[in-house]
Amino acid sequence: FPMIGRLAELLLRVNPMARDALGLTYSHLFMDEFQDTTQIQYDLVRTIFLGTDTVITAVGDNKQQIMRWAMAMDDPFTEFDANFDGKRTPLYNNYRSSPELVRIQHVLAQALDARAVAPVSKAVGTIAGDSCAIWDFSTPEVEAARLAAFVAAEMKTHNLGPRDFVLLVRQKAVDYAAVLEPAFAAAGIPLRNEAGTVGAVMLQELLAEEASELVIAILRLAMTKRAGRYWTDCQEALAALHGIAPDEEAAQARLSRELDAYAIKLAAAHSIPPASKAVARSIVDDILAFIGRERLIAVHPAYGQGGWLDKVLDAAAFHLAASCAGGVAWASALDAYEGVHAIPLMTIHKSKGLEYHSVIFVGLDDGAWWSFAGDQIEATAGFFVAFTRAKQRVVFSYCARRGARTKIATLYELLGKAGVQTVDVA
């Protein structure tokens with residue numbers, strides 16, 4: 001991929017006509033998570049848009065730079081300022097986290113940037129007790145049981161669902177899942193390792209893929225009762241694929257009739273959820289034929305490269321079949337596919353951009369953070385990212401059997417400086 005990026009930039013640099021055509025195509029360019037931009041990506045943007053009238057906005061936070069291992073630039077904002085004469089607009093308001101969490105976040109932020117300005121929380125604290133604490137456990141098994149009991153109690157107290165919580169780990173999610181899954185199942189809360197793979201695709205990536213989302217939306221429409229909102233989702237997605245504008249009433253009506261007819265046909269052909277991957281794949285392929293494979297590739301070019309679409313479809317079929325195991329009804333199977341009733345387990349990197357009522361970080365120890373000394377800045381940024389996913393509460397769990405906490409003493413010192421208490425739970 002780096003070589004392809006370099007080649008693309010070279011081709012545009014030596015071909016002014018192609019470069020100018022791209023520059024004229026886009027009046028606005030918005031770059032999110034800009035702190036993780038690589039030099040190759042930045043050079044491509046500079047070659048295309050430098051000197052054009054395109055309005056360019058770069059949004060990011062150097063304190064959340066966790067992709068330096070993937071060649072992210074040290075400080076892309078300074079280079080952006082120099083090249084594009086950027087105007088900086090600091091964003092002070094925090095609409096996610098409670099005032100107490102924002103206060104603690106600022107202590108962490110200052111460790112990454114001494115000039116960090118204290119943000120202002122625009123959220124309301126809704127919980128009693130500590131917003132953040134470190135819990136020490138005697139064994140991983142006790143840890144798993146107590147965390148499961150805590151989540152179950154919090155769900156009841158605050159009327160929350162499993163997806164209001166997340167279990168975050170630094171790495172090797174499968175190892176943590178092996179101990180945590182049985183404990184959460186015993187507490188009546190399914191736990192799902194979303195860092196795991198389904199076929200050749202990571203589960204969390206599969207759920208965010210357009211092809212997967214469309215397949216599930218159409219199945220929801222066809223197979224479940226009171227599916228009005230799924231009809232709207234399907235209609236809008238298909239209209240976008242067909243290039244039909246909202247005000248094209250005749251075309252919208254035709255598409256609506258086609259969607260209704262297909263949903264009825266699909267429900268009649270597959271009234272029972274698939275009992276095998278082969279049947280699941282036939283359903284996925286049938287839906288794709290209705291959507292239009294070439295139309296999907298035209299709108300989402302990534303599906304036309306490297307067999308990615310077929311990998312996604314195969315993973316979707318595999319996951320659909322697994323979700324239907326046990327002879328469950330369609331509604332339950334589709335809930336299982338999307339993990340509606342399961343608490344997610346994922347790595348810090350995959351939590352980027354997400355938010356939860358409560359974040360439970362499992363494994364604040366040297367074993368998980370073995371590379372901490374090699375790049376304390378990026379490791380601390382990862383710690384900051386994990387912390388900032390939470391709206392109301394953050395719990396860090398520690399178990400001496402997994403590792404000491406001498407190499408990452410800096411992180412514990414930061415939490416101590418913010419007034420976070422350590423509690424011996426069991």
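The values are calculated or read from the model by the stated rules, or taken from the named source; none is laboratory data. Since this is a predicted model, take the numbers as computed values, not measurements. Quick reminder, even Gly has a Cβ in these numbers, built from the backbone with ideal geometry, and neighbours come from all protein chains shown. When the accessible area is computed, the model is the full protein with side chains, heavy atoms only, and any ligands, DNA or RNA have been set aside. Shrake-Rupley method; radii C 1.70, N 1.55, O 1.52, S 1.80 Å.
Summary table below
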item: Estimated FRET transfer efficiency when R0 is 60 angstrom, pair Arg46-Arg401 (beta carbons, to 0.05); result: 0.75
item: Gyration tensor verdict on segment 1-92 (Cα atoms; rounded if a/c is under 1.5, prolate if a/b is larger than b/c, oblate otherwise); result: oblate
item: Cβ-based net charge around Ile189, under 12 Å, with every Lys or Arg adding one and every Asp or Glu removing one; result: 0
item: Theoretical FRET efficiency, 1/(1+(r/R0)^6), r = Cβ-Cβ of Ala208 and Trp69, R0 25 Å, to 0.05; result: 0.70
item: Exceeding the 20 Å Cα-Cα cut-off - candidates Lys156/Lys352; Lys63/Lys417; Lys63/Lys172; Lys63/Lys391; Lys63/Lys350; result: Lys156/Lys352; Lys63/Lys172
item: Helix-only CD estimate at 222 nm, as mean residue ellipticity for the chain, using -39500 (n - 2.57) per DSSP H run (n ≥ 4); result: -16000 deg cm²/dmol
item: Cβ-defined net charge surrounding Ala123, 14 Å radius [Lys, Arg +1; Asp, Glu -1]; result: +4
item: Net length gained if the chain between Ile272 and Val174 were fully extended (0.36 nm per residue, minus Cα distance); result: 32.1 nm
item: Cα extents of segment 86-136 along the three principal axes, largest first (Å); result: 45, 24, 12
item: Length gained when the stretch Ala250-Thr232 is fully extended (0.36 nm per residue, less Cα-Cα span); result: 4.8 nm
item: Within the accessible area of the chain (1.4 Å probe), percent carbon and sulfur; result: 57 percent
item: The chain - share of DSSP beta bridges that are antiparallel (%, nearest 5); result: 10 percent
item: Segment 310-426: C-alpha gyration tensor shape, a/c 1.5 cut-off, then a/b vs b/c; result: prolate
item: Relative contact order %, the chain, counting alpha carbon pairs below 8 Å whose residues are six or more apart; result: 24 percent
item: Filtered GluC sites (Glu not before Pro), segment 186-252: DSSP coil and at most 14 other beta carbons within 10 Å; result: Glu248
item: Accessible area per residue, Å², the chain with all protein chains present, probe 1.4 Å; result: 49 Å²
item: Listed residues Leu334, Leu313, Ser276: farthest to the positive end of the dipole of segment 220-365 (Cβ charges); result: Ser276
item: Dmax and Rg, reported as Rg then Dmax, of the chain (C-alpha, Å); result: 24.1, 68
item: J(HN,Hα) series, segment 411-426, from Karplus relation 6.51 cos²θ - 1.76 cosθ + 1.60, nearest Hz, glycine and proline x; result: 5, 5, 5, 5, 5, x, 4, 7, x, 6, 8, 9, 10, 7, 8, 6
item: In Hz, Karplus ³J(HN,Hα) per residue of segment 393-405 (6.51, -1.76, 1.60; θ = phi - 60°; x = Gly, Pro); result: 8, 10, 10, 9, 10, 9, 9, 4, 5, 8, x, 7, 9
item: Solvent accessible area, Å² - Thr78, 1.4 Å probe, full protein context; result: 70 Å²
item: Whole-Hz couplings from phi, Karplus 6.51/-1.76/1.60, listed for segment 195-205; x for Gly and Pro; result: 8, x, 10, 10, x, 9, 10, 5, 3, 4, 5
item: Interchain or long-range residues, amide H under 5 Å from Ser121's placed H; result: Asn94
